[in-house]
Structure formats: C-alpha cells, structure tokens
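Encoded as structure tokens, the structure appears first; notes follow it.
The values are calculated or read from the model by the stated rules, or taken from the named source; none is laboratory data. Everything quoted here is computed from the prediction, not taken from an experiment. All Cβ positions, even for glycine, are placed from backbone atoms using ideal geometry, and neighbour counts span all protein chains on display. Each accessible area value is taken on the protein alone, full model and side chains, heavy atoms only, with ligands, DNA and RNA left out. Shrake-Rupley method; radii C 1.70, N 1.55, O 1.52, S 1.80 Å.
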Amino acid sequence: MGLRTLCLAWRELNEIEYQDWSLMFKEANSTLVDREWRVAEVCQRLEHDLEILGVAAIEDRLQDGVPETIETLRKAGINFWMLTGDKQNTAIQIALSCNFVSPEPKGQLLLVNGKTEDDVCRNLERVLLTMRITKSEPKDVAFVIDGWALEIALKYYRKAFTELAILSRTAICCRVTPSQKAQLVELLKSCDYRTLAIGDGGNDVRMIQQADIGVGISGREGLQAARAADYSIGKFRFLKRLILVHGRYSYNRTAFLSQYSFYKSLLICFIQIFFSFVSGVSGTSLFNSVSLMAYNVFYTSIPVLVSVLDKDLSEKTVMQHPQILYYCQAGRLLNPTTFAGWFGRALFHAIVVFVITIHSYAFEKSELEEVSMVALSGCVWLQVFVVTLETNSFTKLQHLAIWGNLVVFYMINWIVSALPRSGMYTIMFRLCRQPSYWNTMFLIVAAGMGPVLALKYFRYTYRSSKINILQQAERLGGPILSLGNIEPQTRALDNDLAPLSISQSKNGRNSVFEPLLSDSPNAVRRSFGPGATFDFFQSQPKSSTYSRNKDN
Amino acid sequence: MEQKNKNSKKPSYSRFSQQELPAWKPILTPGWVIASFLTIGALFIPIGLVALSASDTVVEIIDRYDEDCVPDAYSKNPESFIQDPDIKKTCVRSLRVPKKMVAPIFVYYQLENFYQNHRRFVKSRSDKQLRDPEAKNDTYNCFPEARTADNKPIVPCGLIAWSLFNDTYKLSTRGKPITIDKKGIAWKSDTKVKFGSNVYPKDFQKGGLIGGAKLDEKVPLSEQEDLIVWMRTAALPNFRKLYGKIDIDLEAHETVKAEVENNYNTYKFGGRKKLVLSTTTWIGGKNDFLGVAYITVGGLCLFMAINFILLYVFRPRRLGDPSYLSWNRLPIA
C-alpha cells in the first residue's frame, strides 16, 4: 500500500546494563574511523528481546500540483529521477500516484535488486538490455534500484550504470543515503547533464549543494534544505514557475546583457583602432579620458540595467508551450554564433561611425575635440537604437532609461563644455549649433541601423525562431493551438483537469498584466486551463527528487 | 521569506517589484517595417539633394605651391633651400576664379601628410602656461621644447607652438592689393579663456632648430590669432586652417595674384602645402560627402522597401502561424 510504517517495541533496562552500554556508546561515538558503523554495532547490542507494542502507518500525502508540474516540465525536456530514503514499495506507490511513471501496460518498471555483486551485475545487464531495446518504442520505461544495489553498482559497475543513467528518462532510487544522493548527482554531472536537485529535508542538503542548481523547499521539515539551496521555494509546484518563467527570463536577459556589454566596448575599441591608422599608428586616443570613463558608466549602462524588466513572451504563452524551453536548453541565445553576430555588428557600426565622421568633418572642420565628440555622439545614438531594437517589452521605465539616457548624455556634455579648464570647453555648444552635426547624426543612425533592421525583419518573418512565432501569435491575438501534444489521458487525474495542451489564449491585444508570484490568485488557475479545482489539504511534501536537462 | 506580519509571509506587493508594469510589446510586422524604410528613403533623398546643391554653390580655388615655389637650382634639394636664411623665398602664384565668389571669402592654408594628431605631438603643450603668467614653469609635457639651454622656461612651450606655420600670403587683383582680415579667425572661447591676455611669449624659437614662425614678444598670447588657430590640433593628416578673411567679391574669370612667402619646411617629411580660397554655406565648405551619403542611404532604403514589398506579395507568410513550430511538425516523440 505504500504506507510509511513505524514499529514500536519496548524492553526494560537495568542500571548496570545501561551504564556498560553507555560507556561503549560514548566510545563508539567519538571514534575517528568508521563512526557510523561502530555506533550501529553498539546500538544493535542493545536492541534485542524487545516486546512489540504495535505498528503505526503513515500515509505520505503528496503536495497538490505535483503531477501537473512533473508533466509540464517533462514536456519541456526535463527528465526526472526520484531519490528517496523510503523503501521500494512506498517509493513505487508514490511514483504511480503522482504520474511519475505510468502504470502497466503503458509504463514498465524494471527492478535492479540484489545483495551480492553477481546478483546486481545480472540484474543490471538485464535491465540495460531491456532499455536498449525499448528505446525506440513509445513506452515509458523506468528503472528502480535500491540503496544496497546502488552502492555495489557505483563501486563495481560504474560504466554500465552510467550507460543506464543516460538511457533512462525516469528512475526511482529507494533507500538511498544522503551521500549516495550526492554521488548520483555527481554521476549525472559527469555525463554533461545540467542537474537540478530539489528537496526539503536535511538529508537533501548534500545533493542540493552538489547539483548545478539546488532548490530547497522551505516547509514542514524545516529550513535546512532551504538555507543550503541556491533557490528556495514554498511548495513543489512552484518549481514549474521557477524553471519555465523565471529561469527562462533570466537566461534571455543574461544573454542580452553579456553580449551587449561586449558590443558597446568593442565599438569604442574598433573606432580607436581605425583612428590609429590615420594618426600615424602613434597611439593617439580619439576620445578624451572624461568621455571614455563616462561612456561606460553614464552613457551606456542605464538602459542595460533596465533590461531586467524585459519579457519576450508572456507567462501564459510559456506555460502553455513548455516545449519552448528546448530553445533555451540548446543555448540558442548565447553561443559562438550569436556572439559572432554581435561582434560583426560592433565592427560594422564602428566602420559606419568612423567613415561618416571623418568625411563629414574634414578639412577646415577637422579639429580633434570636435571630431571626437561627433564620433562619441554617433556611438551613443547607435546604442540607443540598438537597445530599442533588442528590447521586447517597453515599460515606462525602459522608455525613461533609453531616451533619458540620450538626454543625460547631452546634459553631461553641456556641463563639461561649460567648464573653462576642461579640454572640451564649448565643444558641445558649438556642435549643437551646427546643422551638419545633426545631419551627421541622422546619417549615422540610418546607415547603422538600416541593415540591422532589415536583417532582423527578414529573419523574423521568413526564418522565424520558435520564440518569434509564439511572440507573433501572442501579440496578434487569437488562439495558439499546439496540435502535436494531444495525448490520451489514461492516468487517473484529480477531478476534471483539462489537458494542458489545448487552450484558448484569452488575451486580447493588450495582455499586459503578468503576476509573477504564484500566490496571486490568477496565476495558478490560468496555468491549468479551464475547469480545474484544487484540493487544499495540507499534505507532506514529497521526498527528494531531482531532475536533469539534457543538452540538446 | 521574511515575516512581514504575524499572519502572512507575503512580501509587500508593488507593481514594480512583481514586474507587472504595463508594457508596450511591439513586434516587427511587415507594415511597420516597410513604412519606416519608405519614410526614411523619402526623407533622406531630398535632404541629400539639398545638401549636394548647397555644396555645389560653394566656390573653391585650391593651388598647390610647394613644388613650384622651389627654384630649379634647388629642385633636387629643397630642404637646403628652405633652411638657408639668406635666399629670398617669395613666390608669385596666379589663381583663376572659376565662378563669382561672394564675400566673405575665406583664405585657408591646407597641409597634407602632416600628422597633427600624433600622440606625442598632441600632448606636447601646456594649457596652464597659456592661461596664466604665473604658471610659466609648468613645462612638464613640453619636452623637447620645454626649456632653453640655460634652463629658462619657453613660453609657449611644446612642439605644437614650436611648429607654428609661417608661410604668408599677399593677394592682389587687377593691380590692387586685397586686404586679408586676420582678426577674428580664432575661436572666441580660445581668445577669451584659453590664452591669457597677460601672457607674453618669452625665449620662443631661440634654440638651434627653428620649427616655424617667431612670435612678437610684445603682443599677448590672446591676440596671437595665428598661434591660436594653429594650436587647435587637427584630427586628420590632411587639414585646412583659417588664414584670414576677404570682404570683397571676386568676379568670375578674374585672376588673383598671390605672393607667397614659402618659409615652412614640409619637404623633410613629404608634406604638401596648398593655398585655398573658399566661400561657405550653411553646411560649411565644399563637402559632397554628406549629400552623396544621404542620397545613397535613402536610395538603399527605398530599394529594401521595394524588396520587402515584393517578398510580401509573392511569398506571404502568416505571422504567428503555429504550424511552423517544430513540435507541431514532428510526430509525437
């Protein structure tokens, strides 16, 4: 039945026996070698001739929302393993009840048991064979292994076990000790998987720290796991939002931020290199030191800070299409190709700014401070438009940051131009009065952004990436149907939960409000489609599981 | 999560911290993109034509004189000609006015292959010294033109001042000399602030190597406009600097006689010297680049717009079509 059983028994101890035993216990407790073993041995000496009082059985209720979370994240390409200290029966029952594995005949559980090395070896080979054969069939195979066999497998048959690990998408490991949990995580990390460990008890701490991402559930079993983790959430079902919503946004924003920072520095560097060709390769810096320092600090950092609010797809779309996570897993937004794209863009923009500046400010207009300021203005104007083109959603703050940045640029330069002692005295005032300065600016922006815009539009319309398609579908309104996801629901789901795959996106053209915290009443209900009801019983959190993403 | 009150651990709610700020989410639809390309094309081509026509109205006379102003005897060794103080360096040039030039006409000297933007040249000056008579010892950056042989500070110090251009021009037409106004050629801000009105040149150009012009020690620096113009370092190796202004009109097909004192030694490094007379318009002197660039960019934008229109008409692709999603195309895995 899968209940957690506790057996109660008693015996009377007399004083002398206790004193003797106490000494041995103290000694065992303070040995330096094999402490666990010695303590267990001493305790065993005491535990004999007990009279049974009774048995207590505890039903370990799952938290609500667990099956849906697992299913959604599976669709996103994340594989799940369950690592628990419970015994095999309990673990299998729990797995069946939360759709971790499908019951027969659709799913198949392969047991790897055994107390001796040969046993384990035979079992392992048998399971491996089955796995290899059934890989092509659309069957849900999972293997089950218990702590003892795991110990032997990890020590003697590591290679075979690793192969088994790579082949299986689901696994249940029972009676594992905390250190074994950590060892399993390490094994998967060594196979180049990105691992996430989620747990709620003190016995999960080692696994959480070993994994690439550690998530702790702060709750009934205390705050130990939460404290040791990278991320701490309140309930298991929040994992879905953590990965799909927050994790994905974080990836997008990090990719943009890092590549953009390289781009804006490369732009200045390339211009300096080009200038050195016309200054006798002597190392003259086209830009004065005030401008260079202010460029990175004042002129180009604010819009980027605000990019933390950027959202390319709304949460609703992502929850409906978890497969979009494959895109992130493949590293489509931050890889050598995209970096080369930004590098090329920096080079192209540097050429545009440099060539236009030195040709329109030639001969009698050629003065070092003025040319320097024109080039710098050109760079800053280009930045503004580059950030605009790369931003997906414009809140008021972003407008303020992007256009305000331009205003700040001019104000800072006007202030510096008003200081008689600075090398830039009156330069900005002179420039702003010249029509050719503004002509040059518009030319730089048009020549620099035109090809970028054309290329982006072409890619967006004719070679759309998945994110682009979903974006377009979302913004232009209308239903987003995913036809390929209809699976017959043979599992026993709570109540009438509509399948996640087909849903009408009810947003009109103004889908703007996007609550992030799950506690707000709208978010949870939306993710599950129409007609979902919830069980609000307080259940114990499930034992530790961990999931892995495969690098496509 | 910290406890905010006894009952709830919920953090305080604000639109900003929960990222629920209303947002405008634009996407690149064909309509917008094609319209913006068309607009830019439609705006830029007229601007380019206007700029080009303005540049066309500028009349410019350029005369290169450094090769012709060396007498034949010294044509193989022009340096010794320049460096010899006893030979007369006057040279008469004849300039033809192609179209009517309306006053004011600006007289420039144009130098080519002269790297005023070389790092060691650019830093060889002392702005403090130029402003303040008390700071005459601030010659730190000016090496090698910082102090005289007996350790007295040179005012103004540095290579920029030392290499001051010293060719002079006298223009005359139809037998009558033309006055060249040499006042007001430097930036106002320089004459008022950067160059002090009580700083006088001292021990200037007294060393063994003469780099350029000598300065009148009785005239304060704020009035030495040639020096001020020269010390505004140019950004490129080919540049023009203002020599003076002419306030009369020059008729078409006139011949202007220019008497040039060919003093400046550009022969050592292969530099070129040119005398330039030019009118100006609202965009400055003769510069076709802006006009041509605007027309080119405008034309390219129109070309792209037309391309996109054709693509849209002949190969339409419905935006946001979920059948393009890869997981909708592949069979269930």
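Inspect all residues belonging to the stretch B:303-315 and state whether any of them is assigned to a loop (DSSP other than H, G, I, E, B), at pLDDT below 90 and either more than 10 Å from chain A (Cβ to nearest Cβ) or open to solvent by less than 40 Å² (accessible area, probe 1.4 Å) (or both).
Step one: of the stretch B:303-315, the residues assigned to a loop (DSSP other than H, G, I, E, B) are B:315.
Pick out the ones that are also at pLDDT below 90 and you get B:315.
Add one more test, that the residue is either more than 10 Å from chain A (Cβ to nearest Cβ) or open to solvent by less than 40 Å² (accessible area, probe 1.4 Å) (or both), and what stays is none.
Scanning the stretch B:303-315 turns up no residue that is assigned to a loop (DSSP other than H, G, I, E, B), at pLDDT below 90 and either more than 10 Å from chain A (Cβ to nearest Cβ) or open to solvent by less than 40 Å² (accessible area, probe 1.4 Å) (or both).
Applying the criterion of being open to solvent by 30 Å² or more (accessible area, probe 1.4 Å) and not in a loop (DSSP other than H, G, I, E, B) to the residues of the stretch B:177-190, the residue that is nearest to the other protein chains (Cβ to nearest Cβ) is B:LYS188. Selection over the stretch B:212-240 of residues that are without any contact (Cβ under 8 Å) to a residue 40 or more places away in the chain, open to solvent by less than 30 Å² (accessible area, probe 1.4 Å) and not in a loop (DSSP other than H, G, I, E, B) gives a count of 1.
Residues are listed down the side, and each one gets a yes or a no for (1) within 17 Å of A:ARG248 (Cα to Cα); (2) assigned to a helix (DSSP H, G or I); (3) free of Cβ contacts under 8 Å to residues at least 24 places away in the same chain; (4) of a type in the set (Gly, Ala, Ser):
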position: A:SER285; (1), (2), (3), (4): no, no, yes, yes
position: A:LEU292; (1), (2), (3), (4): no, yes, no, no
position: A:VAL297; (1), (2), (3), (4): no, yes, yes, no
position: A:VAL304; (1), (2), (3), (4): no, yes, no, no
position: A:ASP312; (1), (2), (3), (4): yes, no, no, no
position: A:LYS316; (1), (2), (3), (4): yes, yes, no, no
position: A:TYR327; (1), (2), (3), (4): yes, yes, no, no
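Only one entry of B:LEU159, B:LEU209 meets the criterion of being out of contact with any strand residue (DSSP E or B) (no Cβ under 6 Å at 6 or more places or on another chain) and crowded, with 18+ Cβ neighbours inside 10 Å, and that entry is B:LEU159. Before we move on, is A:VAL407 under 28 Å from A:ARG345 (Cα atoms), assigned to a helix (DSSP H, G or I) and open to solvent by 20 Å² or more (accessible area, probe 1.4 Å)? So A:VAL407 fits the description; yes. Against the list (1) more than 14 Å from every other protein chain (Cβ to nearest Cβ); (2) in contact with a Pro (Cβ under 8 Å, 6 or more places away or on another chain), the condition A:PHE262 fails is (2). Considering the stretch B:67-109, and only residues there that are at pLDDT below 90 and under 27 Å from the mean Cα position of the chain (by Cα), the residue that is farthest from B:PRO177 (Cα to Cα) turns out to be B:GLU67. The set of residues in the stretch A:302-312 being buried (at least 16 other Cβ atoms within 10 Å of the Cβ) and either more than 8 Å from every other protein chain (Cβ to nearest Cβ) or touching a Gly at 6+ places or on another chain (Cβ under 7 Å) (or both) consists of A:ILE302, A:PRO303, A:VAL304, A:VAL306, A:SER307, A:ASP310, A:ASP312. Within the stretch A:130-150, the set of residues being surrounded by fewer than 20 Cβ atoms within 10 Å (Cβ to Cβ), more than 31 Å from the chain's Cα centre (by Cα) and under 24 Å from A:ASN89 (Cα atoms) comprises A:THR130, A:TRP148. Among the candidates A:HIS359, A:HIS399, the residue that is assigned to a helix (DSSP H, G or I), more than 8 Å from chain B (Cβ to nearest Cβ) and either of a type in the set (A, V, I, L, M, F, W, C) or farther than 27 Å from B:LYS192 by Cα (or both) is uniquely A:HIS399.
Please report, ordered by residue number, the helices (runs of 4 or more DSSP H) entirely within the stretch A:1-116 with at least 1 residues that are farther than 24 Å from A:PHE236 by Cβ.
Values: elements: A:15-29, A:35-46, A:66-75, A:88-97.
Result: A:15-29, A:35-46.
Applying a threshold of 7 Å to beta carbon distances and a minimum spacing of six or more residues, or different chains, the list of pairs starting in the stretch B:27-44 at a residue that is without any contact (Cβ under 8 Å) to a residue 12 or more places away in the chain and at the interface with chain A (Cβ under 8 Å from one of its Cβ atoms) and ending at one that is open to solvent by 40 Å² or more (accessible area, probe 1.4 Å) and part of a helix (DSSP H, G or I) reads B:LEU28/A:LYS456.
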